[in-house]
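A.B. asks: My questions will all concern the structure given below.
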Amino acid sequence: MVARFNPFRPNNMAGPGMFVGRVDELKIIDQCLFQAKNGNPQHFLVQGERGIGKSSLLFYVEYLARGELTAFTENTYKFLVVSIDLGGCTTQFEIIRKLGRGLRQALADHNEAKEKAKEFFNWLLNWEVLGVKFHKQDVDLDAEQVADDLVSQFTNFCKQTHGLLDGILILIDEADRPGEEAGLGAFLKALAERLTRRNCNNVLFGLAGLPTLLGKLRNSHESSPRLFETMLLEPLEVAEREEVIRACLKQAKEKNGFETKITQDGMNFLVELSEGYPHFVHQFGYSAFEQDTDNEIDEDDVGEGAFKDGGALTQLGDKFFNEMYHARISSEDYRRVLDAMAEHGDRWVARKTIIAESGVSETNVNNALLTLKAKEIILQDETRRGFYRLPTNSFAAWINAIRAARAKSDALHGEGFAG
Ligand SMILES: Nc1ncnc2c1ncn2[C@@H]1O[C@H](COP(=O)(O)OP(=O)(O)OP(=O)(O)O)[C@@H](O)[C@H]1O
Ligand SMILES: [Mg+2]
């Protein structure tokens, strides 16, 4: 068979052309942009599990804010967009340096703005040098001083680019990564307050991170969460999952010059296995597409692609659930206990229910729960005796997918996925 382009991309953000759903969130963010454009910024914050689509949403917002896409409301914007991620940042110094670099990059890419804001651009160039000096002398960065400087630069910049730009949008992905001691919450609060005081009302912050983000911000500064309109990303609806798959297959047709179809059963199975996690849709889709040989993805392609060694389930296990994956396959009892719990998603389950539904003896369930809890693979309710749950719904989805794929896959007797 000729080489085929596989349109699914489990390890990459969805570009605007492949982006599906998130209508409610985009409406809120549109409103935030509109507010900032009109001088009353409403900062926003997106939380969600791994692989739920946070970075893809921010990427879409980038296009929206730069005016390369139009919002549902037909609003158009022309913000200077600074996009950074805090992966690997552990100190406030590193956060500030990332922000400086992001700003410089955004300005360098924007010729008109750069022309109008030579002073800001030069200041940023020096800032980096200054930052390094600070670092070398091991002087604690004075966050207040940095916030002051930055705010005066922002204020001048917004004045100079009035009419040319709607303002500055600063998108911060992986905002949960720096520890509380890095003080992201306090820093953002200091910035936001100074901006208001200086009457510089067109600078907007948009954050994304794991569901631990709000708690971290709060611990850094107790009122910093109040700066933000917050959103929690949920799994995609069934129709949206189908739309993702169709968009991918459409792209494959364009690139390959021939169509790869999908049967209704194949579609249903993909939709079911993913439980709405966009990362899962892409991962299962990728493996099914690879598995298919007759340009029609069917249920077997999906099951086999998921289940076989190196297939989607192994990929997901390696990437997301490494610890959990190894614990799960290390003992039959653990596997059954986790399987029983996964039926309940990430909701609390009574020990009694687990005993009844897993078919494992009481003593062995007790032992399994103890070990799994010690390994932080499951959580125990601190307010009630004998209630446990899985840490995330995506972990439950992955376990459920293993069972569903195993049930349907011929790989059962081969060297299938060791789940
Ligand atoms: N709205 C969407 N439409 C289509 N595909 C999406 C959408 N959101 C996410 N995806 C796909 O899901 C996968 C995960 O998305 P993304 O990287 O944006 O998630 P994330 O929440 O940032 O993950 P992480 O927590 O690992 O950073 C990617 O393959 C991406 O292409
Ligand atoms: Mg991400």
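The values are calculated or read from the model by the stated rules, or taken from the named source; none is laboratory data. This is a predicted model, so every value here is computed, not measured. Counting neighbours? That spans all protein chains shown, and the Cβs are built from the backbone with ideal geometry, glycine included. Ligands, DNA and RNA are stripped out before the accessible areas are found, and what is left, the full protein with its side chains, is counted by its heavy atoms. Shrake-Rupley method; radii C 1.70, N 1.55, O 1.52, S 1.80 Å.
A.B. asks: Given the conditions (1) farther than 16 Å from residue 81 by Cβ; (2) in a loop (DSSP other than H, G, I, E, B); (3) out of contact with any Pro (no Cβ under 8 Å at 6 or more places or on another chain), which single one is not true for residue 31?
C.D. replies: (2)
A.B. asks: Contact list please: Cβ distance under 7 Å, first residue in the stretch 7-24 and open to solvent by 60 Å² or more (accessible area, probe 1.4 Å), second residue of a type in the set (Gly, Ala, Ser) and within 16 Å of ligand 2 (Cβ to nearest atom), pairs at least six apart or on different chains.
C.D. replies: 13/55; 13/56
Matching residues to (1) at pLDDT below 95; (2) under 25 Å from residue 27 (Cβ atoms):
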| site | (1), (2) |
| --- | --- |
| 227 | yes, yes |
| 241 | no, yes |
| 275 | yes, yes |
| 288 | no, no |
| 298 | yes, no |
| 305 | yes, no |
| 314 | yes, no |
| 317 | yes, no |
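A.B. asks: Considering the stretch 59-117 alone, what residues qualify as being touching a Lys or Arg at 6+ places or on another chain (Cβ under 6 Å), within 16 Å of ligand 2 (Cβ to nearest atom) and of a type in the set (Val, Ile, Thr)?
C.D. replies: Residue satisfying the conditions is 84 alone.
A.B. asks: When you look at residue 342, is it over 30 Å from the mean Cα position of the chain (by Cα), modelled with pLDDT under 95, open to solvent by less than 50 Å² (accessible area, probe 1.4 Å) and away from ligand 2 (no atom under 16 Å from the Cβ), yes or no? Can you show your working first?
C.D. replies: Numbers: over 30 Å from the mean Cα position of the chain (by Cα): no; modelled with pLDDT under 95: yes; open to solvent by less than 50 Å² (accessible area, probe 1.4 Å): yes; away from ligand 2 (no atom under 16 Å from the Cβ): yes.
In short, no.
A.B. asks: Would you say residue 262 is buried (at least 21 other Cβ atoms within 10 Å of the Cβ), over 17 Å from the mean Cα position of the chain (by Cα) and modelled with pLDDT of 90 or more? Show your work before the answer.
C.D. replies: Details: buried (at least 21 other Cβ atoms within 10 Å of the Cβ): yes; over 17 Å from the mean Cα position of the chain (by Cα): yes; modelled with pLDDT of 90 or more: yes.
So residue 262 fits the description; yes.
A.B. asks: Same structure again: Pairs needed: first member in the stretch 94-107, touching a residue at least 60 places away in the same chain (Cβ under 8 Å); second member anywhere, polar (S, T, N, Q); C-beta distance under 7 Å; at least 6 residues apart or different chains.
C.D. replies: From residues that are touching a residue at least 60 places away in the same chain (Cβ under 8 Å), the pairs are 102/83.
Residues checked against (1) of a type in the set (D, E, K, R); (2) assigned to a helix (DSSP H, G or I); (3) open to solvent by less than 10 Å² (accessible area, probe 1.4 Å):
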{"site": "272", "(1), (2), (3)": "yes, yes, no"}
{"site": "293", "(1), (2), (3)": "no, no, no"}
{"site": "327", "(1), (2), (3)": "no, yes, yes"}
{"site": "335", "(1), (2), (3)": "yes, yes, no"}
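A.B. asks: Only one of these is open to solvent by less than 50 Å² (accessible area, probe 1.4 Å) and within 16 Å of ligand 2 (Cβ to nearest atom): 166, 176. Name it. Can you show your working first?
C.D. replies: Details: 166 fails: within 16 Å of ligand 2 (Cβ to nearest atom).
Criteria check complete, one pass: 176.
A.B. asks: Report whether or not residue 9 is within 22 Å of residue 319 (Cβ to Cβ) and within 16 Å of ligand 2 (Cβ to nearest atom). Even if it seems obvious, please write down each step before you answer.
C.D. replies: Working: within 22 Å of residue 319 (Cβ to Cβ): yes; within 16 Å of ligand 2 (Cβ to nearest atom): yes.
Spelling it out, residue 9 is indeed within 22 Å of residue 319 (Cβ to Cβ) and within 16 Å of ligand 2 (Cβ to nearest atom).
Yes or no, residue by residue, for (1) away from ligand 1 (no atom under 16 Å from the Cβ); (2) under 18 Å from the mean Cα position of the chain (by Cα):
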{"site": "188", "(1), (2)": "yes, no"}
{"site": "200", "(1), (2)": "yes, no"}
{"site": "205", "(1), (2)": "yes, yes"}
{"site": "212", "(1), (2)": "no, yes"}
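A.B. asks: State whether the residues of the stretch 135-146 include one that is at pLDDT 85 or above, open to solvent by less than 40 Å² (accessible area, probe 1.4 Å), under 31 Å from the mean Cα position of the chain (by Cα) and of a type outside the set (Gly, Ala, Ser).
C.D. replies: No: zero hits.
A.B. asks: Contact list please: Cβ distance under 8 Å, first residue in the stretch 271-287 and within 15 Å of residue 319 (Cα to Cα), second residue away from ligand 1 (no atom under 11 Å from the Cβ) and hydroxyl-bearing (Ser, Thr, Tyr), pairs at least six apart or on different chains.
C.D. replies: Going by the 8 Å Cβ cut-off, there are no qualifying pairs.
A.B. asks: Which of the residues that make up the stretch 234-273 are closer than 22 Å to residue 5 by Cα and of a type in the set (Gly, Ala, Ser)?
C.D. replies: 247, 252, 257, 266
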